[in-house]
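Student: Take a look at the following structure, please.
What follows draws every value from the coordinates through simple rules; no lab data is involved. Everything numeric here is computed off the predicted structure, so don't read it as measured data. FYI the Cβ positions are ideal-geometry reconstructions off the backbone, even for glycines, and counts take in every protein chain you see.
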Amino acid sequence: MSVSELLTNINNEDKTVPLAVEKQLPQIEILINEIISKLKTGGRLFYIGAGTSGRLGIVDASECPPTFGVSPDLVVGIMAGGDKAMRKAVEFAEDSEEQGWNDLLTFNINEKDIVIGIAASGTTPYVIGALKKSNSNGISTGCITCNLGSPLSKEAQFPIEVVVGPEFVTGSSRMKAGTAQKLVLNMITTSVMIQLGHVKGNRMVDMQLSNNKLVDRGVKMIMDEIDVSYSEAETLLNTFKNVRNAIQNYKQ
């Protein structure tokens, strides 16, 4: 194929992914409600995966503190091979059925928490083993996979199966499967954080002010909410260090 033909065909495949996710909305809702109940009672959300799936979980978890102002301990991403596997594949790391649970134990995981296994094929031993041990220890489990009736789905109490079909490059699950997983992860953490009160309207009022762009955004949020000038909003933000606090403590 020419480059143009490659792009057109990849794009045509990608268009099918949101429709596959749509079919799983009821199952996604059930899982999200379970997560909310766990986090409201002091629990944590763990993502565990390998390869692309593991990386996607870590990325989603790492976005929660800056976006929603929550502790880095609330949503935790774990992947086979550890942090070094984020950049470079660690050979055979995903083949141990015991290591996933061992990695969870380093976080003192308990029955208040919930574990979501992420694996496109649904056959990754590292992830399956982690869910098995979680189940036997009274810990809630979910999964995101792209195959029907996989071993991982059978192990999960709250399975999500987004069937995207064959990849444009056979077996390259970083493509449609990875896109599907990312869409579901976006839904999970965004919906959970909204339900936990970390968004006001559709605005990230608890975000961390970690650069000038976000400080400027925070100032403009305050201006829109309480009708003050830019300089007044900036002073409020500098005083209270947080958009929500600035709005709540404003006195006309």
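Student: Once the dipole of the chain is set up with Lys and Arg at +1 and Asp and Glu at -1 on Cβ about the Cα centre, which of 114, 247, 77 lies farthest towards its positive end?
Tutor: 247
Student: Cα axis of helix 230-240 to longest principal axis of the chain: angle in degrees, 0 to 90, nearest 10?
Tutor: 70
Student: If you don't mind, there's one more thing I want to ask. So how tilted is helix 3-14 from the main axis of the chain? Cα-based, degrees 0 to 90, rounded to 10.
Tutor: Rounded to the nearest ten degrees, it is 80.
Student: What is the set of long-range amide H partners of residue 141 at a cut-off below 5 Å, with H atoms built 1.01 Å from backbone N?
Tutor: Amide H neighbours of residue 141, under 5 Å, 5+ apart: 115, 157, 158.
Student: What distance in nm lies between label points placed 7 Å from Cα along the C-beta direction at residue 220 and residue 92?
Tutor: 5.3
Student: Could you give the dipole magnitude of the chain about its Cα centre, charging the beta-carbon of Lys and Arg +1 and that of Asp and Glu -1, in debye to the nearest 20?
Tutor: Around 380 debye, computed over the chain.
Student: Per residue of the stretch 179-188, what does 6.51 cos²θ - 1.76 cosθ + 1.60 with θ = phi - 60° give for ³J(HN,Hα)? Whole Hz please, x for Gly and Pro, Karplus curve as stated.
Tutor: Rounded to whole hertz, the list is 5, 4, 4, 5, 4, 5, 4, 4, 4, 4.
Student: I want the antiparallel fraction of DSSP beta bridges within the chain, as a percent rounded to 5.
Tutor: 5
Student: Kindly express, to the nearest 10 degrees and within the range 0 to 90, the angle between helix 125-136's C-alpha long axis and the longest C-alpha principal axis of the chain.
Tutor: The answer is roughly 70 degrees.
Student: Further question on the same structure: What is the gain in length, in nm to one decimal, between residue 202 and residue 229 on full extension, counting 0.36 nm per residue of separation less the C-alpha to C-alpha distance?
Tutor: Full extension from residue 202 to residue 229 adds 7.6 nm.
Student: Which lysines, on any chain, are close to residue 38 with Cα under 16 Å apart, when same-chain ones fewer than 8 places away are left out?
Tutor: Within the straight-line cut-off, residue 38 pairs with 112.
Student: Say R0 is 30 Å: what FRET efficiency, to the nearest 0.05, do residue 22 and residue 123 get from their beta-carbon distance?
Tutor: 0.75
Student: Then there's this: Just flag the chymotrypsin sites (Phe, Trp or Tyr not before Pro) in the stretch 44-74 sitting in loop per DSSP whose Cβ has no more than 13 other Cβ atoms within 10 Å.
Tutor: Those that pass, being in a loop and sparsely packed, number zero.
Student: How many angstrom separate the Cα center of the stretch 17-67 from the Cα center of the stretch 127-192?
Tutor: The distance from the Cα centre of the stretch 17-67 to that of the stretch 127-192 comes to 10 Å.
Student: For every helix of n ≥ 4 consecutive DSSP H residues, a contribution of -39,500 (n - 2.57) applies; sum these over the chain, divide by its total residues, and give [θ] at 222 nm rounded to the nearest 500 deg cm²/dmol.
Tutor: The helix-only estimate for the chain comes to -15500 deg cm²/dmol at 222 nm.
Student: Another question about this same structure. Pop the C-beta distance of residue 108 and residue 170 into the FRET formula with R0 = 41 Å and round what comes out to the nearest 0.05.
Tutor: Working from the Cβ atoms, E equals 0.50.
Student: Residues in the stretch 50-67, backbone N under 17 Å from the label point at residue 210 (7 Å along the Cα-to-beta-carbon vector): list them, ranges by number please.
Tutor: Counting backbone N atoms under 17 Å from the label point, the list is 56-67.
Student: In percent, how large is the relative contact order of the chain, given Cα pairs closer than 8 Å and 6 or more residues apart?
Tutor: Normalised by residue count, the contact order of the chain is 20 percent.
Student: Can you give me the relative contact order of the stretch 69-168 as a percent, contacts being Cα pairs under 8 Å and 6 or more apart?
Tutor: 22
Student: Now for a different question. Just one of (1) 12.5; (2) 16.0; (3) 18.4 is mean projected area of the Cα convex hull in nm² calculated from these coordinates, so which is it?
Tutor: Step by step, mean projected area of the Cα convex hull in nm² for this structure corresponds to label (2).
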